Amino acid sequence: MYKKYLKRLFDIIFSLILLPFLLPVIVICALFIKIEDRGPVFYLGERLGKDQKTFKMYKLRSMKVNAPDMRNEDGSTFNSEDDPRLTKVGKFIRKTSIDELPQIINVLIGDMSFIGPRPDLPEALDFYNEEEIHKLDVKPGITGYNQAYFRNSIAQSEKFRNDIFYVNNISVIFDIKIILTTIISVIRRKNINIKNGEISKN
């Protein structure tokens, strides 16, 4: 009942409740982004959603215009506090996870949920094994099991295993734990970036 119906109902209700509070924060950050380099405010990345359908994911732009794509050896997104592609505003909104706030729009329109596996790039379909592809049985989330407990401190293969663990154990209690742990993790700024010595640039 929760997985099929109530989870979506809660997404809609909490999106409508939070939107008036988040909108001023998004607007203020958007102004600073625009002032810094005059580029676009939002980044619209194509991502994999439920049942392998793609959608445009909203984020506040944290990188310089036309920044090159950089990946880790396992194909995951490169993350580092010293990433030269980040703008000054971008470094702040990344550390505080403010860049993720516009995804509440994706939640409201039904592309995403508040809690779920983080959405991957469409080419991830070429790398999933028979078990990992089942992370697409549910909607991706703004935050999830990985983001709450590990963020970017573990390898992509382990993230996939954790995603499957979440899919197989969805419950209202589990989601509440993830939300509370995410808040604590953001406040403490734990595991936001993999240490430079543990990653490589492509």
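With every protein chain left in place, what is the accessible area per residue of the chain in square angstrom, probe 1.4 Å?
Details: 11440 Å² over 202 residues.
Counting only protein heavy atoms, the per-residue value for the chain is 57 Å².
According to a simple spin-label model (label point 7 Å from Cα along Cα-to-Cβ), what is the distance in nm between Phe32 and Leu108?
2.3
Around Phe42, which amide H atoms from residues at least 5 apart in sequence, or from another chain, sit under 5 Å from its own amide H, with H modelled in the peptide plane?
Residues meeting the criterion, in which the H sits 1.01 Å from N, are Arg61.
Which value at 222 nm does the chain reach when only helices count, each DSSP H run of 4 or more adding -39,500 (n - 2.57), with the total divided by all residues and rounded to the nearest 500 deg cm²/dmol?
Working: 6 runs with 81 residues, N = 202.
Roughly -13000 deg cm²/dmol at 222 nm, from the helical runs in the chain.
Quick check: residue separation of Glu123 and Leu16 times 0.36 nm, minus the Cα distance between them. What number comes out in nm? Don't skip to the end; give the middle numbers.
Details: separation 107, 0.36 × 107 = 38.52 nm, distance 3.24 nm.
The Glu123-Leu16 span can extend by a further 35.3 nm.
Could you please state how large a percent of the accessible area of the stretch 52-169 is carbon and sulfur, counting protein chains only and using a 1.4 Å probe? Write down the numbers at each step before the final one.
On the way: 2820 of 5520 Å².
Carbon and sulfur atoms account for 51 percent of the accessible area of the stretch 52-169.
Quick one: what do you get for the stretch 56-175 if you divide its Cα Rg by 2.2 N^0.38 Å?
Here the answer is 1.08, to two decimals.
Please report the relative contact order for the chain, taking Cα pairs under 8 Å with a sequence separation of at least 6, and give it as a percent rounded to a whole number.
On the way: 290 pairs, mean separation 48.7, N = 202.
Relative contact order, the chain: 24 percent.
Considering only protein heavy atoms and a 1.4 Å probe, what is the carbon-and-sulfur percentage of the accessible area of the stretch 1-40?
Values: 2390 of 2970 Å².
Ligands and nucleic acids excluded, carbon and sulfur reach 80 percent.
Summing Lys, Arg as +1 and Asp, Glu as -1, what charge do residues with Cβ under 9 Å from the Cβ of Thr54 carry, Thr54 excluded? Don't skip to the end; give the middle numbers.
On the way: positive: Arg47, Lys53, Lys56; negative: Glu46.
Once all neighbours under 9 Å are counted, the net charge is +2.
Ignoring everything but the protein chains, give the 1.4 Å probe accessible area of Lys139 in square angstrom, nearest 10.
Surface open to solvent at Lys139 totals about 60 Å².
Return the long-range amide H neighbours of Val138 (sequence gap of 5 or more, or a different chain), with a cut-off of under 5 Å between placed amide H atoms.
Asp51
Quick one: of Lys56/Lys91; Lys4/Lys88; Lys59/Lys159; Lys64/Lys177; Lys56/Lys159, which pairs are farther than 32 Å apart, Cα to Cα? Don't skip to the answer; put the middle values down first.
Details: Lys56/Lys91 23 Å; Lys4/Lys88 41 Å; Lys59/Lys159 21 Å; Lys64/Lys177 35 Å; Lys56/Lys159 22 Å.
Check vs 32 Å cut-off fails for Lys4/Lys88; Lys64/Lys177.
Identify which of the listed values of Kirkwood radius over Cα pairs in Å was calculated from the structure shown: (i) 18.0; (ii) 19.5; (iii) 17.4.
From the options (i) 18.0; (ii) 19.5; (iii) 17.4, the structure gives (iii).
Provide the FRET efficiency to the nearest 0.05 for the Lys177-Asn66 pair, computing r from the beta carbons and using R0 = 35 Å. Walk me through the intermediate numbers first.
Details: r = 40 Å, r/R0 = 1.14.
Between Lys177 and Asn66 the formula returns 0.30.
Under a plain spin-label model, where a point goes 7 Å from the Cα along Cα-to-Cβ, how far apart in nm are Ile170 and Lys88?
4.4
If the only charges are +1 at each Lys and Arg Cβ and -1 at each Asp and Glu Cβ, what is the size of the charge dipole of the chain around the Cα centre, to the nearest 20 debye?
Working: 31 positive and 25 negative charges, 157 e Å.
That gives a dipole near 760 debye.
Given 0.36 nm per residue, what is the gain on full extension from Val25 to Lys56 after removing their alpha carbon distance, in nm?
Numbers: separation 31, 0.36 × 31 = 11.16 nm, distance 2.12 nm.
Computed gain between Val25 and Lys56 is 9.0 nm.
The values are calculated or read from the model by the stated rules, or taken from the named source; none is laboratory data. Remember, predicted model here, so these are calculated numbers, not experimental data. As a convention, Cβ positions derive from the backbone with ideal geometry for all residues, glycine included, and neighbour counts pool all protein chains shown. Note: accessible area is taken over every heavy atom of the protein model, side chains too, but ligands, DNA and RNA are not part of it. Shrake-Rupley method; radii C 1.70, N 1.55, O 1.52, S 1.80 Å.
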